[in-house]
Every structure is written in structure tokens, then in C-alpha cells.
1. Would you calculate a helix-derived [θ] at 222 nm for the chain, using -39,500 (n - 2.57) for each DSSP H run of n ≥ 4 and dividing by the full residue count, to the nearest 500?
2. Report, by chain and number, residues whose modeled amide H sits under 5 Å from the one on R223, excluding near sequence neighbours (fewer than 5 apart, same chain).
3. So, for segment 118-186, what is the accessible surface per residue at a probe of 1.4 Å, expressed in square angstrom?
4. Run the numbers for A343 and S263: contour at 0.36 nm per residue of separation, minus the present Cα-Cα distance, in nm.
5. Using a Förster radius of 22 Å, what is the FRET efficiency between A16 and E361 based on their Cβ-Cβ separation? Nearest 0.05, please.
6. At 1.4 Å probe size, with the rest of the protein present, what percent of the exposed accessible area of segment 206-319 is carbon and sulfur atoms?
7. Sort the following peptides by mean Cβ neighbour count (other Cβ atoms within 10 Å, averaged over residues), highest first: 40-52, 298-310, 156-168.
8. Of L105, N234, A262, which is farthest along the charge dipole of the chain in the positive direction, counting Lys and Arg as +1 and Asp and Glu as -1 at C-beta?
Amino acid sequence: MSDKVIPLLDQRRVHAVPALPSQLLAPTGLLSDALGRPLRDLRISVTDRCNFRCGYCMPKQVFDKQYEFLPHSDLLSFEEITRLARVFVAHGVQKIRLTGGEPLLRRHLDALIEMLSEIRTPEGLPLDLTLTTNGSLLARKAASLKAAGLQRVTVSLDGLDDAVFQRMNDVGFPVADVVAGIEAASKAGLGPIKVNMVVKRGVNDQEILPMARHFRGSGVTLRFIEYMDVGATNGWRMDEVLPSSSVLARLREKFDMQPLSASVAGETAERWSYADGQGEIGLISSVTQAFCGDCNRARLSTEGKLYTCLFAHRGHDLRALLRGGASEADLSGAIGLLWGARADRYSQLRASGATTLGDGERRVEMHYIGG
Ligand code: SF4
């Protein structure tokens, strides 16, 4: 069992108020970063709370009863989120993913979804509005999420065996309720549905084939995610990573599989289809096959900090600008400067053994900025 790390430095306190450019230029929708990567995908964390305690994200030993979650007054309001989203869309964002913690714990989330679903790209197109959930509340909420304007959902499910899944979520939550949530989402038309399984060697890798068999032919795309060294509390070790190449090898022993090309630029998953037409799977290999080269994702934390990488150690406080009287042009200028200077490529650097952390610095926690 890997040793958990008790954080000394509260990463949420490490941030800077973004500078404003000397000249405020109108957004063109063509903003690129220092490595030429456009800004296309915005992940918005709407709460830092979760009702699960998955060891690879929110280990119970750290996020216990004494842990201080953010007070509601610190969270961005729906109006503030929507205001920022409009600015990001003007800079080129075409897809918004709502995350958390567990986003369905945020009350009245439908209202936010309605507000975001009204936003149009500079070309007048609707956004690709999606959400990642642990599925615990999905059966109850799927229909109203759809009615509010949500298009798709991604559900996290780390196994079908109750004992294994409950060991992963560490709160004794049953598989059946998550599966019921997936079925309700499908019935409500929140598809194409994706299911994400984090694979931890020696913990749930025996669930790879049962999960594949369960979702084959169902229309749901199952994605296997390599266990990642996100944050500073999950005690990550490389020997607990099962490389995607091994996952694929196990699947190909049972099924005839064929590679598929990426469906969109910046797609994180390597796609493989079942040769018999029973659907496809995805492999998300941040550890063994870094995909920083076309990473077009920005992340907004629950209380309005911009992070330009999942493994970042410092955020940029857009809320301070919002609540400090900044205009749309100010916000646009600040975001343009931050993205323009972005050169993050943590997974590539990890692969070459070059770490990016200075003394006392630690990576932001995933539950705080969304996966
Ligand atoms: S490590 Fe950072 S830059 Fe690389 S793909 Fe992930 S989020 Fe993007």
C-alpha cells in the first residue's frame, strides 16, 4: 500500500493576480500559446467537494472530517462563471466541461448549464457542453441536466466488482447505482456517453476485461486511464502504473481490435475499435505516452483561478479581476496574456525525468481543478 503524503502547504493559497496588457486588443478566436497550441477546451470546476474518496484523487487520510473545503462565498457565482466563459469562448474555446470534485453536488447546477448553453462561438455555433461525474447522483438528475442544455456526460467507474469499486471510492458506494446513472443518462439522451476507468496495477486491473465485456456493444465508450501523479497527496508510484500498452495487450488477447484516428485535435484518448463493430475503447496514457503536443485545455478552479496544466503548481486569480471591477476587455486581455505565455508540457518533461517543481512547490490537487 503506497504511503500517503500529508500536505503542508495549502496550494489553494498560491496564486497571482494576472497582469493586464498595456494595449487591450479584441479577441480573435485564434489565440495560441507559446508552443502554438490553440485554446479550445475549458474545464470548469464548480465545487471542490466530493462524496467519494478515490485514493488517486482525494485520499480519505488527507481529505478527512477536519479538511476545510472552500466556503460558498469563495466560489465563483454562476454569473461570474458565465461571464468568464464568454471571454474564453471569444478567444477560441469550443468545448466546456463541468467538473469538480463532484459537480452534481453543486446546488441548482441546471441554472448554470442553462446560462452556458446560451453562449455561441464567434461563428455562431453552440458550445460542446459536457460534464464529468462519478455517477452517484446521475440517475436522479440526468433528465433535468439534459433539459437544461447539457449535451453529454462522462462517468467515472473503476470496476464492476463491488468490493473492488468500493475499495477504489473508499466510501462503500455500490456499482449498481453508478450503472443506473449511466442508463438514466443514456435514456435522457446525454450521449455519446464515455466511461472513464483509472487503472491501478494490483488494485483494479483485474477489472479491465469485465468492464470491456460489460460496455462492448452498449454504445458507451470505455476509456482506460493510466494512474497519474496528480497533486501531492495520492502517494503515486510508477510501479502502480499499468501502461496502456499492457491494457491493450490484455484486450487483444480476447478481442480483435483496430486502431482509429483521433476524432478531434487535442483528443486525449488513443482510440481502438472492436473489429466486429461492437464499439470502441480509449486509452489515456499521460504517463507513458504524453500528449502535451496538442494540449488545448485550460482549467478554471472552483474559486476562479486559471491553471494552464493539470500538473501546474500555481494559478492565476481571475476572480480578483472579476470582483475588482475589471471590464470584459480587461479580462480578455489578461487571459490572452496568460495563454499566450503558456509553455506547459509536464507529461513530456516527466517522461524525460525533468521535473518542474521548485523547493516547497507542489502540484495542484485534481479535485480542485477537475481532471
Ligand atoms: S501534462 Fe499539462 S500540458 Fe501536458 S497534456 Fe496534461 S494538461 Fe496538457
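The values are calculated or read from the model by the stated rules, or taken from the named source; none is laboratory data. Quick caveat: nothing in here was measured; it's all calculated off a predicted structure. FYI the Cβ positions are ideal-geometry reconstructions off the backbone, even for glycines, and counts take in every protein chain you see. The protein model used for the area step is the full one, side chains on, heavy atoms only, and it has no ligands, DNA or RNA in it. Shrake-Rupley method; radii C 1.70, N 1.55, O 1.52, S 1.80 Å.
1. Working: 11 runs with 102 residues, N = 371.
Counting only the DSSP helices, I get -8000 deg cm²/dmol.
2. Those lying under 5 Å, H to H, from R223 are V195, N196, M197, G282.
3. Numbers: 2770 Å² over 69 residues.
With all protein chains present, segment 118-186 gives 40 Å² per residue.
4. Details: separation 80, 0.36 × 80 = 28.80 nm, distance 2.45 nm.
Gain on extension, A343 to S263, equals 26.3 nm.
5. Working: r = 14 Å, r/R0 = 0.61.
Taking R0 as 22 Å, the efficiency between A16 and E361 is 0.95.
6. Working: 2020 of 4140 Å².
Of the solvent-accessible surface of segment 206-319, carbon and sulfur hold 49 percent.
7. Details: 40-52: 22.3, 298-310: 24.2, 156-168: 19.0.
Order by mean packing, descending: 298-310, 40-52, 156-168.
8. Most positive-ward Cα: L105.
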